[in-house]
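Scroll down for the structure; my scribbles are underneath it.
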Amino acid sequence: MTAFVRQLAAPQPGWTIETDVIVVGSGIAGLTTVLDLREKVDRVLLVTKGVLSSGSTVWAQGGIAAAMDPEDTPDEHLEDTLVAGAGLCSEEAVRVLVTEGPHSVRKLVRRGTQFDLGPDGDLTLTREGGHHRDRIAHAGGDATGAEISRALIEQLDAIRNDPGIEVIEHAMVVDLLTGAPDAEGRPGPVCGATLHIIGEGQRDGVGAALAKAVIIATGGIGQVFRSSTNPASATGDGLAVGLRAGAAVADVEYVQFHPTVLWQGANARGQLPLISEAVRGEGAYLLNGAGERFMVGRHEMAELAPRDVVSRTIVEVMREEESDSVFLDCRHLDAAFLEQRFPSIWASLAEHGIDMAHDLIPVAPAQHFHSGGIMADLHGRSTQRGLYAIGEAACTGVHGANRLASNSLLEGTVFGRRAARDASSLIADGVLRQLEPEERRGDSALVPATMRTRVQAIAHEGAGPMRDGDGLDDAVARLARIRQRFHTDPVSTVVPQTAEWETTNIVATASVLCEAALLREESRGGHQRSDYPQTDPEWAVRLAARLDPDGRMEFMRAPLEIGG
């Protein structure tokens, strides 16, 4: 089996800084964590690959789910989440999510988020797929993530002069720094990160940031696939750096494909426009090529069935009809209502020549959310001391095999606050202290950026919405050959830079994903195999993976409840 590299090829750090905690990522999870940490530790460093507003949060249209209605309860929210998770959720983690969710939403309001309100001044709540109650709070109609991001960044801007906070934009974490290895040669505790700062600023190039704890909040893995709703920055960096530093990852095979992404042709690449599930929540229909509502009769909730069910059904319909898309029909809904409720979607469709109120909207599934990530407990702690993971980069068990709509923003803020509280407490108690980084055992290498489209095609063909053993086996072998080629015979012309580091992370993430999907011989949630179409009770376990001391992937079955 071809080994994985243990660090990326990069220049030696040209500068060093020291802080208490490094937070990597500026979505809702990262920003919440930084704002909470400011009150609890002396020094915090926030690192983001773009500008502060470039994370995945800003693209979240639908809203944030929480039992805010007096007639709703956290227990009902828990039940809907467990059903969507298809038997693979950690009930303990979900209970934390739904119980602390309402308070976390109110904390967002206190931090300036302006959710849409009704005439009575209460939150306007709507419904999305898998929910049996109206519990989705939204802002600007369909711009919830952008509004939350705006409010949190405004809070951060207000304290930019605080000497205890440093924000570095246009910076990529190349690798995590680790302490003395254990007796088996595995990396020691995480004690910082190497950063590459792109372009302007007081610091440039590669440097080392030392810290007592590092919190990964880098978002998803969308750019592993040929098409996605994720921003260009979602290259699986968090999962890959955590894996190289010795942390376990879990549920990596569970990828949610959003059912209704605007179809722009077979050659469409990169980030594609999303048509929020909230549009179906307001009454839009899904139609096949004959103009028939195909979800009616296939699931009791019809168009509002969980996303994996809707995506899988759309793929089946497209195969039956030999078509590239199905259609979203809003023509029976009031035009003025649609423009007011979904201003961003209305404008985006208009740019593509589609009148939302009068035209059928061609849609097809595309990669949207990753339920797996760095395995983390109820406080965000990974299996590697000093390393935390929160938000989409983490696997806390709240999503199981399939995320319930609008639970992701809630997860980011709930577990961001928990990670901040835990890390600051362990630092205050001296449990987490500054360690000296040591050279990590294993080779370094890079995959050139020119390989990215090939890797994305392999991942899409092997681990798309419908999978089978032959396709996954082929994908695993092809990805191993790519790793082998550039691991054993590094190309001297491959210059260490952002595109190459990202591509190497994409290869690592795609490799783990395809290997896990090949091992899991069943269909469940966001993992569907045509050769194993049934859900197998024997597979109601978490599939976790980590690198052994020689850099080879080892998989293990882990319990659903990891506590914390």
How big is the antiparallel share of DSSP beta bridges in the chain, given as a percent to the nearest 5?
60 percent
Quick one: in segment 254-383, what % of C-alpha pairs are over 25 Å apart?
29 percent
Between segment 422-469 and segment 383-409, what's the alpha-carbon centroid distance in Å?
15 Å
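In terms of the Cα gyration tensor, with a ≥ b ≥ c the square roots of its eigenvalues, is segment 444-558 rounded because a/c is under 1.5, prolate because a/b exceeds b/c, or oblate? Spell out each step's value before the answer.
Working: a/c = 2.70, a/b = 1.81, b/c = 1.50.
Because a/c hits 1.5 or more and a/b exceeds b/c, segment 444-558 counts as prolate.
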What ³J(HN,Hα) values, in whole Hz, does the Karplus curve 6.51 cos²θ - 1.76 cosθ + 1.60 give for segment 347-353 when θ = phi - 60°, with x put for Gly and Pro?
5, 5, 5, 4, 5, 9, x
Fewest to most Cβ atoms within 10 Å: THR313, THR178 sort as THR313, THR178
In whole Å, what are the Cα extents of the chain along the three principal axes, biggest one first?
64, 54, 45
Average projected area of the Cα convex hull of segment 392-459, in nm²?
8.6 nm²
Can you tell me the relative contact order of the chain? Whole percent, Cα pairs under 8 Å, sequence separation 6 or more.
23 percent
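Where a number appears in this text, it was derived from the coordinates with a stated rule and is not lab data. Predicted, not measured: the structure shown is a model, and the values here were computed from it. In this analysis, Cβ positions are derived from the backbone assuming ideal geometry, glycine residues included, and neighbour counts consider all displayed protein chains.
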